[in-house]
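In what follows, a single structure is set out as structure tokens and then discussed.
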Amino acid sequence: MNFNDLTIFINIYETRSLNQSAISLGYAQSNLSVRLKNIETEMNTPLFIRTYNGLMPTIAGDKFYDYARLTLEQFERFKKNLNIQGRLVLISELLLHYDIHKTQQLDLNQDQIIIKKTSDIVQESQLAFYHEIFSFTQLNHLRGVTEIQKTMPVSYLFDSQLIGDNFNCFYVNRDQNCPFRQKTLHDNSDGKHIVELDSFENIISAVERGKGLALLPDYFLDIKNLQKWDQKAGEIRYYHYTKVN
């Protein structure tokens, strides 16, 4: 079995039809049938049930589909890694923004930067050999790396010119694992209205339009026309992992 066999299987699985896959991939249907039979023989289990309406995957077929997709994704990442001139970096949207405006540890011209949601960082960190990872989640499964714990000062910020002392909501990220979301929900459990948005940039935009306030890094006081809602100081912890040569 080779990578081409995995590609063929994925196509058959998604079309549920040898005929459609043959047209899509440019093979004779009989050849695809033989290739599929060889895969099933090697796996020692049927991967599809043949019906008059097409192919229906077995439980083993569903599992093999997940395996095939993951294998091809990892292979593509590996090929890209071989051609990277700078570092391969995994980071969340907010931590990238923090680096650009505050810490400036990344080379945006040379480094290949992969941006993922906080909830996706753990899985993503296992799919490639990253030189640097910046994460709000501690990654205990990593090997061959150094870990440095860092903190960023945070406050509830708002545009006072637009909403003054009155506001009707806190903005939080929809990502359940976002630490800014978690702290906001913990600090404001008194019934204040919570509005979920899909990205950090959308939260900033809403706050700047005076629609509400949000827990944000303090450096926004220097780059945006925002003010602190109160003087309570807070910190959010994050982790910086560096691959050991």
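The values are calculated or read from the model by the stated rules, or taken from the named source; none is laboratory data. Quick caveat: nothing in here was measured; it's all calculated off a predicted structure. Positions of Cβ are generated from backbone atoms using ideal geometry, with glycine treated the same way; all protein chains shown enter the neighbour counts.
Tally up the residues in region 34-53 that are touching a helix residue (DSSP H, G or I) at 6+ places or on another chain (Cβ under 6 Å), loosely packed, with under 15 Cβ neighbours inside 10 Å and not in a loop (DSSP other than H, G, I, E, B), please. Adding up the residues that qualify gives 0.
Taken over region 103-125, the criterion of being assigned to a loop (DSSP other than H, G, I, E, B) and touching an Asp or Glu at 6+ places or on another chain (Cβ under 7 Å) is satisfied by 105, 106, 116, 117. Within region 157-175, being at pLDDT 90 or above and either among the polar types (S, T, N, Q) or not assigned by TED's automatic domain parsing to the domain that holds residue 229 (or both) holds for one residue alone: 173.
Taking region 125-146 on its own, how many of its residues are of a type in the set (D, E, K, R) and surrounded by fewer than 18 Cβ atoms within 10 Å (Cβ to Cβ)?
Going through region 125-146 one residue at a time, the tally reaches 1.
Restricting attention to region 220-245, which residues are among the β-branched types (Val, Ile, Thr) and loosely packed, with under 14 Cβ neighbours inside 10 Å? Passing the criteria: 223, 244. State yes or no: is residue 189 outside any helix (DSSP H, G or I) and either of a type in the set (A, V, I, L, M, F, W, C) or in contact (Cβ under 8 Å) with a residue 12 or more places away in the chain (or both)? Taking the combined requirement at face value, the residue does not satisfy it.
Entry remark, region 17-32: residues being polar (S, T, N, Q), crowded, with 16+ Cβ neighbours inside 10 Å and in a helix (DSSP H, G or I) number 1 in total.
Scanning region 126-151 for residues that are in contact (Cβ under 8 Å) with a residue 40 or more places away in the chain and part of a loop (DSSP other than H, G, I, E, B) turns up 127, 128, 129, 130, 131, 136, 137, 138, 139, 142, 144. Taken as a whole, the condition of being buried (at least 16 other Cβ atoms within 10 Å of the Cβ) and out of contact with any Ser or Thr (no Cβ under 6 Å at 6 or more places or on another chain) does not apply to residue 108. Scanning region 1-16 for residues that are of a type in the set (A, V, I, L, M, F, W, C), surrounded by fewer than 17 Cβ atoms within 10 Å (Cβ to Cβ) and within 13 Å of residue 40 (Cα to Cα) yields one hit, 1. Can we say residue 65 is outside the structural domain of residue 175 (by TED's automatic domain parsing), touching a residue at least 60 places away in the same chain (Cβ under 8 Å), surrounded by 13 or more Cβ atoms within 10 Å (Cβ to Cβ) and among the hydroxyl-bearing types (Ser, Thr, Tyr)? Judged against the criteria, residue 65 is not a match. In this structure, residue 170 does not satisfy being of a type outside the set (Val, Ile, Thr) and touching a residue at least 60 places away in the same chain (Cβ under 8 Å).
Does residue 100 fit the bill of being part of a strand (DSSP E or B), at pLDDT 90 or above and outside the structural domain of residue 206 (by TED's automatic domain parsing)? No: the conditions fail for residue 100.
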